[in-house]
Amino acid sequence: MARLINFSFKVEKFIEGERTDEAELLDRMNKGAFLLGCDEAGELAAAVYVEVRGVRGYFGMLAVHPERQGSGLGRKMVEAAEEFCRDKGCTAMDLTVLSLRPELPPIYRKLGYLESGVEEFRPSRPLKPGVKCHCIVMSKTV
């Protein structure tokens, strides 16, 4: 799973090193879960992290293999994350996008998410020198 996520996040050239590693993924699994999507051959093609936070669900680290991007698989993974959290009693979903990824908010707006705030970015890996970034919080009622 780490290999898929790192490959999918290669566009984030502002972070030093890989996006994640097995230790970080294991840590996240202690708080939430990863939903996985496979292609027709049964190969891992997508993953998304989900976490229940009271009546609010959270999803992040949405990764779709670059060869499958644009196929609708990302939308299916978001829908699966929403369903997972709704089944756990959540009435809203939150996600964060990095301010350095301006292409992402319009995509999530198409899925019904709206900007609802900002947060400090606490990267798991250092940012390259001189790079400044914050998180844009987006939310949706589910």
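The values are calculated or read from the model by the stated rules, or taken from the named source; none is laboratory data. In this text, all values refer to a predicted model and were calculated from it rather than measured experimentally. A quick note on method: Cβ atoms are made from the backbone with ideal geometry, for glycine too, and the neighbour counts reach across all protein chains shown.
Here are some notes:
- Of all positions in the stretch 98-118, at least one carries a residue that is more than 27 Å from Glu16 (Cβ to Cβ), surrounded by 11 or more Cβ atoms within 10 Å (Cβ to Cβ) and aliphatic (A, V, I, L, M).
- Residue in the stretch 86-96 that is under 19 Å from Phe9 (Cβ atoms), touching a strand residue (DSSP E or B) at 6+ places or on another chain (Cβ under 9 Å) and either of a type in the set (Val, Ile, Thr) or surrounded by 17 or more Cβ atoms within 10 Å (Cβ to Cβ) (or both) present: yes
- The lone criterion from (1) under 18 Å from Ser139 (Cβ atoms); (2) surrounded by 15 or more Cβ atoms within 10 Å (Cβ to Cβ); (3) among the charged types (D, E, K, R) left unmet by Glu12 is number (1).
- The single residue among Ala80, Ala46, Ala63, Ala23 that is under 30 Å from Pro129 (Cα atoms) and at pLDDT 95 or above turns out to be Ala63.
- Enumeration of residues in the stretch 73-126 that are under 20 Å from Val142 (Cβ atoms) and among the basic types (Lys, Arg): Arg75, Lys76, Arg86, Lys88, Arg109, Lys110
- Annotation note: Cβ proximity below 8 Å between a residue of the stretch 121-142 that is in contact (Cβ under 8 Å) with a residue 40 or more places away in the chain and a residue that is of a type in the set (S, T, N, Q) and part of a strand (DSSP E or B) (sequence gap 6+ or interchain) occurs for Ile136/Thr96; Val137/Thr96; Val137/Ser116; Met138/Thr96; Met138/Ser116; Ser139/Ser116.
- When Gly54 is tested against (1) more than 18 Å from Glu83 (Cα to Cα); (2) loosely packed, with under 11 Cβ neighbours inside 10 Å; (3) modelled with pLDDT of 95 or more; (4) not charged (D, E, K, R), just one condition goes unmet, and that condition is (1).
- For the stretch 94-130, a tally of residues being assigned to a loop (DSSP other than H, G, I, E, B), among the hydrophobic types (A, V, I, L, M, F, W, C) and more than 25 Å from Gly54 (Cβ to Cβ) returns 1.
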